[in-house]
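Inspection log for the structure reproduced underneath, given as structure tokens.
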Amino acid sequence: MKFLRRSALLPLIMSLAVLLPGAGGISASASGGINLDPNVPVHPYLQYGAQADPASVVRVIVQKTSSSVQSSLIALAVQTNVVEEFPFINALTLEVPLGLVPILAKVPGVKYITVDGPVKGQSIDPTTLSTTYEAAIGLPEVWNGSAGTPALTGAGIGVAVLDTGVNASLPDFSSNTLVAVNVNPNASGPQDNYGHGTHVVGLINGRDPQGRYIGVAPDARVVSVKISDDAGYTTESDLIRGLQWVYANHGTYNLRAVNLSLSSAIPTSYLVSPVAAATERLWRSGVVVVAASGNQGSAHDATWAVPGADPYVLTVGALDHNQTAASGDDSLATFSSRGKTQDGVYKPDVVAPGRKIVAPLAGTGSTLGQSYPDRITDGRYIRLSGTSMAAPITAGTVALLLQAYPNLSPDQVKWLLTSTDRTYYGQSDSAGVIDPLAALKRAAAGRVGSANQGLTPNGSSLLAPVFGLVQGLLGAVVGLVTDLLYWDSGYWGNTYYTAGHWDTGHWDTGHWDSGHWDSGHWDGGHWD
């Protein structure tokens, strides 16, 4: 599916050569005399573009060393104006010719420069009807308090969903538990023309009047923050704008969790990513950030994209619960991304049901409704698969935990869910299935630990981000810096970033046609 907005980016269509250690730091040389230097605080994508196509104009995100640095002076140094500011992470966006990016990097107060790259949603492959996911993780016992725990429905807890908007007029949603806002200047309002956001919101607090389809935390207050345009396109700055809105309003709506069923399209080490800076800022402010792991299976770069690649956030993979409440037939969904990030952290942290999940349909005229009419059931619902579905199921579980124990910190919530997850048949890694009831019982017993101990936070140093980029983003083997491969052609060459993708500085239809994103990649023929 497309969850992207047209964005002025840069023409990077060639593969690069083998990493070479050099004097004064690690450097790299690409074909055509292009040199990349990890010691420069500029994403390698931009370094390459500055030499390959210096005249092309690109939008970049500039992170500043402190709030006291004047954004206008940074812009003035390269003869441009500030497009937008994100004060909660000390960042701004600019539009500059690629050739001026190296100059921009030398301006006092500039910390790191990245591409304002595209963001894609993780929902794929609508499939057959099922609403057994709730029973598969024991939610009826939690809702009814029938297992010795309080009856919990998420009441009083706010969850922000940053997505394509929501159809707030559906009977599944109540004005008492749903707030819809729009932060994308290119969107006409908070409504959901695409359909992804409505499905995600419904998995958290939807409640079918007939009781057939109920979200994980049906009484939680969900704030739908539309970050895409009306066609479902978005960029990293749109995502950061949404995260900034959550940061500014989390007290007003008691927002204790945020759901991100999306990922950036350009891999970047979390140590220098402005998206990671924003998610970690929210985490430190008491907001649990839940992110989808992605739908690339076991590909070598499957977990390289933020926000899921950030070790602080709670990253969720997709379980195939086989449409039964019993756990004996559960397995990992084949499309669920797993593996090490470019910074050497294994993801996801947990898994949750994410295959053949039914939730509200934004409308038969929505993009998803038009694309998959055979997946519509009971007229108002649609079945979808992906880690996009697993993430809100987990975010709803977070709301249940926080309703019972509102003083839990994000680190404690993450610890509870990861320390009580259950194993499933064929499990090959540490990411087990979330078990809300077990987490509640452990919290009730007072045995609460804290996750994320000893991690290096975003932006803590420049050297660490350099190694993170070299080791992971550029096709690295963690810890073996001198043996790394830089920009392997299978990912960064014409297979992915074709001339059709980057031409005229926009995301044209040449990228989204059958060459990459059509049914051969996303539809049921591949993921079912």
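The values are calculated or read from the model by the stated rules, or taken from the named source; none is laboratory data. Note that this is a predicted model, so its numbers are computed, not measured. For neighbour counting, all protein chains shown are included, and Cβ atoms are generated from backbone atoms with ideal geometry for every residue, glycine included. Quick note on the areas: whole protein, heavy atoms, side chains included, nothing else; ligands and nucleic acids left out. Shrake-Rupley method; radii C 1.70, N 1.55, O 1.52, S 1.80 Å.
Accessible area per residue for the range 187-260, computed on protein heavy atoms with a 1.4 Å probe, is 25 Å². Shape of the range 277-354 from its Cα gyration tensor (a ≥ b ≥ c, root eigenvalues): rounded if a/c is under 1.5, otherwise prolate when a/b > b/c, or oblate? Verdict is oblate for the range 277-354.
Where the centroid of each part is defined by its Cα atoms, how far is the range 406-426 from the range 39-71 in Å? So the two Cα centres are separated by 38 Å. Here the spin labels are modelled as points 7 Å beyond Cα on the Cα-Cβ line, and at Ser175 and Ala444 they lie 3.8 nm apart. Working ranking of peptides 193-202, 211-220, 371-380 by packing, defined as the average number of other Cβ atoms within 10 Å per residue, highest first, is 193-202, 211-220, 371-380. Per-peptide packing, taken as the mean over residues of other Cβ atoms within 10 Å, places 98-104, 452-458 in the sequence 98-104, 452-458 from highest down.
Packing, taken as the mean count of other beta carbons within 10 Å per residue, orders the peptides 351-361, 410-420, 151-161 from highest to lowest as 351-361, 151-161, 410-420. Using the Cβ-Cβ distance between Ser419 and Val82 with R0 set to 51 Å, the FRET efficiency works out to roughly 0.70.
For Gln370 and Lys106, the difference between the fully extended length at 0.36 nm per residue and the C-alpha to C-alpha distance is 90.1 nm. Backbone geometry of the range 234-239 corresponds, through the Karplus equation with coefficients 6.51, -1.76 and 1.60 at θ = phi - 60°, to 3J(HN,Hα) couplings of 8, 10, 4, 5, 5, 5 Hz, x marking Gly and Pro. Under 5 Å between amide hydrogens, built in the peptide plane, is the criterion, and for Leu36 it picks out Ala28, Ser29, Ala30 among residues at least 5 positions away or on other chains. Projecting label points 7 angstrom from Cα along Cα→Cβ for Val57 and Arg284 puts them 3.5 nm apart. Computed 3J(HN,Hα) for the range 141-147, one whole-Hz value per residue from the Karplus formula 6.51 cos²θ - 1.76 cosθ + 1.60 where θ = phi - 60°, is 5, 5, 4, 8, x, 8, 10, glycine and proline marked x. On the range 147-224, 49 percent of the accessible area sits on carbon and sulfur atoms, based on a 1.4 Å probe. Using a cut-off of 32 Å between Cα atoms, the listed pairs Lys226/Lys340; Lys111/Lys347; Lys356/Lys414; Lys226/Lys441; Lys106/Lys414 include Lys226/Lys441; Lys106/Lys414 as exceeding that distance.
Surface composition of the range 252-385: carbon plus sulfur atoms contribute 45% of the solvent-accessible area (1.4 Å probe, protein chains only, all chains present).
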